[in-house]
1. Tell me whether region 314-455 comes out rounded, prolate or oblate; compute the Cα gyration tensor, take square roots of the eigenvalues as a ≥ b ≥ c, and use a/c under 1.5 as the rounded threshold.
2. Under the rule a/c < 1.5 gives rounded, and otherwise a/b versus b/c splits prolate from oblate, where does region 202-290 land using the Cα gyration tensor?
3. What helices does the chain hold that run 20 Å or longer along their axis, going by alpha-carbon atoms, with a Kyte-Doolittle average of 1.6 or more, using DSSP H for the helix calls?
4. Among 310, 384, 441, what's the order by accessible area (1.4 angstrom probe), most exposed first?
5. Given the protein chains as shown and a 1.4 Å probe, how many square angstrom of residue 378 are accessible, to the nearest 10?
6. Lysines within cross-link reach of residue 342: Cα-Cα under 26 Å, excluding same-chain residues under 8 positions apart?
7. Within region 139-266, count lysine pairs with alpha carbon atoms under 20 angstrom apart where the residues are 8 or more positions apart or belong to different chains.
8. Tally Lys and Arg at +1 and Asp and Glu at -1 over the other residues with C-beta under 12 Å from the C-beta of residue 254: what net charge comes out?
Amino acid sequence: MKKGGHMVFSSITFLFYFLPIVLLIYYVVPNKFKNIVLLVSSLLFYFYGEPKYVCLMVISIIITYIFGILIDKYERQSKLFLILSIITSVGLLVYFKYINFLIENVNLWLSHKIDFIYVALPIGISFYTFQMISYLIDVYRKEAKAQKNILKIAMYVSLFPQLIAGPIVRYTTIEEQIENRKYTFEKFSLGVRRFVIGLGKKVLIADVLGELSVIALGSNDSSILYYWLYAISIMLQIYFDFSGYSDMAIGLGKMFGFEFLENFNYPYIATSITDFWRRWHISLSTWFRDYIYIPLGGNRVSKIKWIRNILIVWLLTGLWHGAAWNFIVWGLYFGILLIIEKVFLGKYLEKIPNFFTRIYTLLIVMISFIIFNGNKILDILKNIGGLFGIGNVPIISEESLYYFKSYFIIIVIGIIGCTPILKKIANNKKMHKLINCLEPIFLLFVLIISTSYIIDGSFSPFLYFRF
């Protein structure tokens with residue numbers, strides 16, 4: 001089942017062929033061969049969807065390996081080697097991801113138009129490029145030792161659990177784990193549990209709400225209810241799609257003995273935009289903080305330079321998500337709001353009850369995802385305005401009411417799933433025995449239902465694939 005060409009975690013090929021075979025071989029071979037099994041299986045996983053781009057990844061790995069050793073060995077020239085390595089990695093990323101976007105915008109100013117270059121976006125290039133850059137910077141800063149074994153660097157960069165949609169795993173996080181990892185039945189079972197929960201999030205919530213967002217966006221029957229259905233469904237879809245993928249990646253990591261850092265921490269209960277970005281896609285926001293924001297001077301500079309630093313980081317964050325103007329607007333939207341919060345709004349938000357600050361945060365995030373998911377500026381403005389009845393749209397229509405009733409239960413499940421309510425219930429000592437008995441049945445149920453959805457063809461690739 002090779003839909004869309006890529007072996008995604010929520011595919012029959014991965015769930016019932018690739019993963020069981022890899023796990024079986026992995027646990028049968030002696031410890032000294034486990035990294036080789038992971039490397040070979042990761043390259044096969046990537047080759048399945050991107051045969052021609054495996055070469056690009058291998059070349060990137062070799063370049064990273066060589067520069068890592070050069071930076072470590074020649075201290076006086078280390079800064080030069082670091083700059084060359086970053087130019088090479090970013091150059092490849094810019095060519096494959098942004099070249100046609102650049103041509104399109106340059107053409108606006110030229111009478112003789114430049115032809116577009118046919119180039120497909122290699123899956124996961126944004127993620128593995130950032131991993132390689134963080135490794136080389138850490139070696140330069142003496143926070144990591146240069147890896148002398150090229151196979152181990154290759155395994156780190158190509159590791160299939162987090163290769164195509166993160167989280168961005170830093171070399172320093174798993175440096176020790178590459179050499180020796182602990183394998184226990186408890187860790188493996190926690191990995192399976194986490195993976196199944198992530199699969200359920202993706203297939204049973206994100207994909208179903210994805211259908212609703214497409215229906216609501218494509219309908220000619222406009223009403224305020226329809227605009228809200230679209231906004232809520234896209235907001236929940238993006239969260240469950242991406243946090244579901246992160247859950248699966250972290251779960252797979254555990255199955256192979258790795259401990260990856262968390263990537264989401266209930267972002268939709270945040271009480272400010274600053275708080276939201278401490279909780280959302282943590283591996284990306286901390287990457288930008290440590291490798292862009294702080295090297296630029298962070299907040300230890302004049303106010304003008306500090307504002308400049310925030311805007312640079314958020315312009316790059318927007319661009320990282322895609323080669324289109326809506327992503328740039330999305331990034332700068334957050335950058336400006338964070339500046340407003342940090343300069344004066346933050347101190348007032350602290351005095352307001354959490355109920356109101358959460359509504360404020362959710363509204364801003366909801367608008368951000370309308371921008372994120374939009375194409376044309378006029379359509380984005382129409383979809384934001386529609387939430388507030390701008391354009392004389394009726395409050396409700398028969399069609400929007402029908403879809404509201406049809407998807408009501410899944411929206412409620414999605415909203416509950418965004419909060420720590422279920423976690424609190426699970427951690428309740430009185431409920432502990434009951435949950436221990438019911439959990440395996442629940443997980444099996446989620447796996448069976450998710451599989452039937454996948455077989456049925458209710459399938460869509462991960463949103464973050466395009467990044």
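The values are calculated or read from the model by the stated rules, or taken from the named source; none is laboratory data. All values derive from a computational prediction rather than experimental measurement. As a convention, Cβ positions derive from the backbone with ideal geometry for all residues, glycine included, and neighbour counts pool all protein chains shown. Surface accessibility is based on the protein's heavy atoms, side chains included, excluding ligands, DNA and RNA. Shrake-Rupley method; radii C 1.70, N 1.55, O 1.52, S 1.80 Å.
1. Verdict is prolate for region 314-455.
2. Note, shape of region 202-290 comes out oblate.
3. Those that clear 20 Å and a mean of 1.6 are 53-73, 325-340, 354-372.
4. Descending accessible area places them as 441, 384, 310.
5. 140
6. 303, 305, 351
7. Close lysine pairs found across region 139-266: 7.
8. Taking every other residue near residue 254 into account, the sum is +2.
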